[in-house]
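J.: Sharing a structure here in structure tokens format.
Please treat every number below as a calculation from the coordinates, not as lab data. From a predicted model like this one, the values you see are computed outputs, not experimental measurements. Methodologically, a virtual Cβ is constructed for each residue, glycine included, from the backbone with ideal geometry; neighbour enumeration extends over all protein chains shown.
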Amino acid sequence: MIVIPAIDLRGGRTVRLVEGMADRETRYDLDPVDVAIRFESAGAEMLHLVDLDGAFDGSAGSANAEIVRAVLSAVRIPVEVGGGLRNEDAVSRALDCGAQFAILGTAAVENPKLVEKLAARYPGRIVAGIDARDGRVATRGWTDVTEVDAVELGKRMREAGVSRAIYTDIARDGKLQGPNLGGTVRFAEGAGLDVTVSGGVSSIDDIASIAASSCSRIHSCIVGKAIYEGRVAVADAVRAARRDCGQGAPELLP
């Protein structure tokens with residue numbers, strides 16, 4: 001298992017939200033490019049980069065686009081990019097700019113044929129972002145909770161050619177109360193996808209518990225607020241993940 005530090009952008013700033021709510025934002029006076037470089041220097045093997053403005057308004061060409069490009073140019077490790085990637089041109093731009101993976105969330109629900117087309121065009125590089133509240137998928141920056149069952153969506157993504165999903169329990173995100181590991185394992189096993197755990201990671205113990213999970217489909221975990229609040233150091237998190245799974249990081253590149 002690997003640890004993936006998160007960088008969320010809103011209005012050109014590094015931020016963290018609570019439960020994805022735009023009005024529950026913590027801003028950090030940190031340059032996103034500098035943050036990315038520091039994460040890489042600390043041993044991170046991959047980064048999670050999200051344009052929240054794009055997620056909310058559906059435009060991947062938001063004011064954060066230049067920052068996204070700068071981050072991609074500044075680091076050598078793989079970066080997964082999400083937020084507003086809802087058409088073929090937006091995904092192509094992200095991957096052509098240097099992202100290793102493109103995260104599709106709203107498009108996974110609203111346009112599965114697009115996901116299928118992109119998964120065929122970019123094998124192994126399309127990741128489903130499945131964000132759920134009480135097992136139901138939320139879209140458009142988590143502002144719309146649908147009636148779509150998360151596991152069923154995961155199955156459809158697998159059939160479309162996607163092999164990995166980022167599963168976020170919205171109720172845990174940004175609250176530093178620990179991840180919903182049980183729910184994530186049930187999702188992974190039900191959907192038949194490799195899964196990145198997201199939402200609620202608060203400590204090294206949380207990371208160790210995820211790494212020690214008996215579920216072979218747990219691929220990685222995203223850590224955000226715990227890093228920014230000084231609860232988790234990236235270097236310690238990387239060591240904990242490797243120690244508890246008893247091996248090096250899984251293969252990242254397709």
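J.: Take each of the peptides 178-189, 226-237, average the number of other beta-carbon atoms within 10 Å over its residues, and list them starting from the highest.
T.: 178-189, 226-237
J.: Would you mind putting 2-9, 160-167, 72-79 in packing order, based on average other-beta-carbon counts within 10 Å, highest first?
T.: 2-9, 160-167, 72-79
J.: Given a Förster radius of 22 Å and the C-beta distance between ILE37 and ALA171 as r, what FRET efficiency does 1/(1 + (r/R0)^6) yield to the nearest 0.05?
T.: Once the sixth-power term is evaluated, E becomes 0.10.
J.: To continue, here is another question. Which shape class, rounded, prolate or oblate, goes with region 2-245 when its Cα gyration tensor gives a ≥ b ≥ c as root eigenvalues, a/c under 1.5 marks rounded, and past that a/b bigger than b/c marks prolate?
T.: rounded
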